[in-house]
Amino acid sequence: MTELLSQSLFFEIAALLVLAAVVGFIGHLLRQPLIVSFIAVGIIAGPSALNLTQSSEKIAVLSELGIAVLLFLVGLKLDVKLIKSLGAVALSTGLGQVAFTAAIGFLLCLGLGYDLIASLYIAVALTFSSTIIIVKLLSDKHEVDSLHGQIALGFLIVQDIVVVLAMIALSAIGLGTQSDALWRDVGGVFIAGGVMLIAVMLFIRFVATPLTETLARRPELLLLFAVAQAAAFAALSEYLGFGKELGGLLAGISLASTPYREAVAARLAPLRDFLLLFFFIALGSKLQLDHIGAATISAIVLSLFVLIGNPLIVMAIMGVMGYRKRTGFLAGLTVAQISEFSLIFMAMGVTLGHVDSEALGLVTLVGLITIAVSTYMITYSHELYRVFEPFLSSFERAGAPSETAQPDAHGQKRYDALIFGLGRYGEAIASRLEKGRQRVLCVDFNPSAVKAWQSHGGHAIYGDVTDPEFVDALPLSGADWVISAIADQDSGVTHDDVRLTVIAAVRQTGFKGRIAIRSRRPADRDILVAHGADIVLEPFQDAADRAVELLQSHVRPLRFEPVDTDQQKELRE
């Protein structure tokens with residue numbers, strides 16, 4: 001088997017895909033998150049199990065392309081103005097988390113009996129969180145656009161920069177580079193980053209829109225250009241000393257202002273999911289389970305620190321900066337794991353002779369535990385918040401001054417309808433109701449969507465409608481309708497369906513009006529009505545019904561009178 005794999009790359013890829021399909025199907029039957037199944041595929045296919053990954057370099061290329069596409073899609077959805085407004089909290093949270101995690105982790109490692117150098121290496125490795133896994137989970141939950149999602153993305157970028165600097169310093173130590181040369185290398189990285197940012201801004205200002213307008217005449221060419229841009233920016237960023245993640249993100253931002261970003265994102269999503277499979281396979285091939293040894297107790301202690309301590313650190317920093325406990329909690333959960341870069345960092349230490357394989361095995365086991373557990377924590381973040389919410393009051397300043405989630409001056413008025421979700425469907429409903437002189441308040445957890453609606457004179461506030469406290473503070477008194485235009489999932493109604501959460505949260509306030517819920521699946525209608533919805537909106541079906549009504553109202557009655565030749569000429573002309 002191994003000989004056949006080494007001789008045929010196609011056979012190797014086919015075997016990996018079959019394994020992924022089987023494990024993914026089993027995970028689906030067991031109702032496990034897909035990322036957990038992907039991690040299991042990587043471990044099973046890795047050298048510690050079936051050893052299917054003979055062509056590790058080629059698999060790594062597919063993995064890196066998947067990373068570039070993933071971050072490109074995230075960049076497509078980023079609002080440059082919002083990045084500026086969240087820069088302070090991203091920088092403070094990112095640097096604060098790295099500093100506190102490293103300091104506390106260092107003391108823990110000393111207490112566990114590791115020497116100074118090993119403790120320092122392990123503590124630094126614990127500060128890195130996996131951008132790829134976090135972004136994938138947030139994308140699957142449609143929370144990249146949320147406030148906590150964008151703050152998390154911001155401090156992950158800060159972490160990535162710290163990773164780069166740590167790698168540069170470690171390489172310099174390994175090569176015996178003097179301190180002045182090290183500072184020149186660090187300075188060169190920042191200068192190159194500044195030049196790259198300026199180039200991206202010029203591209204956005206003068207090139208992006210006219211170029212994509214030309215390419216959009218051939219959709220396949222636009223898709224090819226998008227992938228090429230993601231790969232080129234990622235490669236350039238890595239060459240300049242930054243990671244591929246930052247390059248892919250900048251590539252997406254460079255096209256985020258164009259009118260074709262949604263079309264590009266829709267076409268690239270399946271390619272992203274396919275390529276990311278190879279990221280997890282490549283990650284599994286790096287997990288040397290035979291190095292784990294007797295590090296189980298230490299790994300459990302450090303894993304608990306990462307799973308509990310890191311979120312608490314982020315919550316504390318965000319609370320001091322004036323963010324709500326809910327935002328801090330949801331953002332904090334995203335750092336409850338260590339990164340694939342942690343393993344690379346430790347492997348460099350082993351190569352340099354600074355640490356032994358036991359320390360690498362310890363970090364490997366911490367990685368396995370924290371990545372697996374944090375996947376569930378992020379997937380079920382809202383359910384966890386409801387459990388821990390009574391104990392989190394100390395993490396929130398009075399009034400939460402840094403958030404716009406509280407009702408503004410409009411929030412005290414009476415509204416005829418409240419609309420949850422400012423996507424295209426929600427905006428269309430809101431604009432038509434306002435044209436009919438209805439007073440409408442829109443709610444969305446994407447700050448840029450809220451600002452855009454407000455800029456057109458509409459009433460909108462930021463907030464998460466799955467938060468019962470937030471819903472209870474909304475001006476529901478006197479409203480006739482609550483309309484949820486939030487997109488539903490393809491899987492149908494589940495126990496944690498956001499639509500059921502919205503219905504329950506609204507009804508718990510004592511709301512006496514009517515609730516309309518959006519659904520793409522006719523099969524969900526009865527379930528939603530049984531849980532308290534008065535009307536189920538089916539966008540495609542409703543649009544088709546309305547189209548038929550319009551067509552029938554404009555049908556000209558057939559006539560059977562004889563038509564002479566001149567009339568026939570006129571009709572033909």
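No value in this document is a laboratory result; all are computed from the given coordinates. Quick caveat, the model's predicted, so the values are computed rather than measured. Neighbour counts run over all protein chains shown; Cβ positions are idealised from the backbone, glycine included.
In whole percent, what relative contact order does the stretch 409-553 give with Cα contacts below 8 Å and a gap of six or more residues? Across the stretch 409-553, relative contact order equals 22 percent. Shown for I515, I122: other C-beta atoms within 10 Å of each C-beta, ranked fewest to most, produce the order I515, I122.
Working from label points 7 Å from Cα in the Cα-to-Cβ sense, the L223 to L30 distance is 3.4 nm.
In plain terms, the residue of K451, K77, K435 with the fewest other Cβ atoms within 10 Å comes first and the most crowded comes last, giving K435, K451, K77.
Of the residues M321, M315, the one with the fewest other Cβ atoms within 10 Å heads the list, and the complete ranking is M321, M315. For D444, the shell of other residues with beta-carbons less than 11 Å away shows a net charge of -2, using +1 for Lys and Arg and -1 for Asp and Glu. Distance between the 7 Å Cα→Cβ label points at E358 and A547: 6.9 nm.
Using the alpha carbons alone, the radius of gyration of the stretch 260-375 stands to its Kirkwood radius in an Rg to Rh ratio of 1.08. Over all pairs of different C-alpha atoms, the stretch 1-73 has a mean inverse distance whose reciprocal, the Kirkwood radius, equals 13.1 Å. Over all directions, the projected convex hull of the C-alpha atoms in the stretch 409-553 averages 9.3 nm² in area. Mind giving me the FRET efficiency for I104 and Q454? R0 is 35 Å, r the Cβ-Cβ distance, nearest 0.05 is fine. Working from the Cβ atoms, E equals 0.25. Once backbone amide H atoms are built at 1.01 Å from N, I419 has L441, C442, V443, I483 as its partners under 5 Å, excluding neighbours fewer than 5 places away on the same chain.
Dipole size of the stretch 409-553 about its Cα centre, with +1 on Lys/Arg Cβ and -1 on Asp/Glu Cβ: approximately 580 debye, rounded to the nearest 20.
Take each peptide in 15-28, 437-450, 196-209, count the other Cβ atoms within 10 Å of every residue, and average; sorted highest first, the result is 437-450, 15-28, 196-209. Relative to the current alpha-carbon distance between F388 and V529, full extension at 0.36 nm per residue lengthens the span by 47.8 nm. What is the local net charge at Q229, summed over the other residues whose Cβ is closer than 14 Å to its Cβ (Lys, Arg +1; Asp, Glu -1)? After counting each charged neighbour, the total is +3. Label zone of K435 (point 7 Å out along Cα→Cβ, amide N under 20 Å): in the stretch 531-554 this covers 538-554.
According to the square roots a ≥ b ≥ c of the eigenvalues of the Cα gyration tensor, what is the shape class of the stretch 2-395, taking rounded for a/c under 1.5, prolate for a/b larger than b/c otherwise, and oblate for the remainder? Rounded, since a/c falls under 1.5. In this label model, L304 and A21 are separated by 4.4 nm, measuring between points 7 Å along each Cα→Cβ vector. The relative contact order of the stretch 207-353, computed from alpha carbon pairs under 8 Å that lie at least 6 residues apart in sequence, is 16 percent. Charge tally around L9: other residues with Cβ under 11 Å, Lys/Arg +1 each, Asp/Glu -1 each, net -1.
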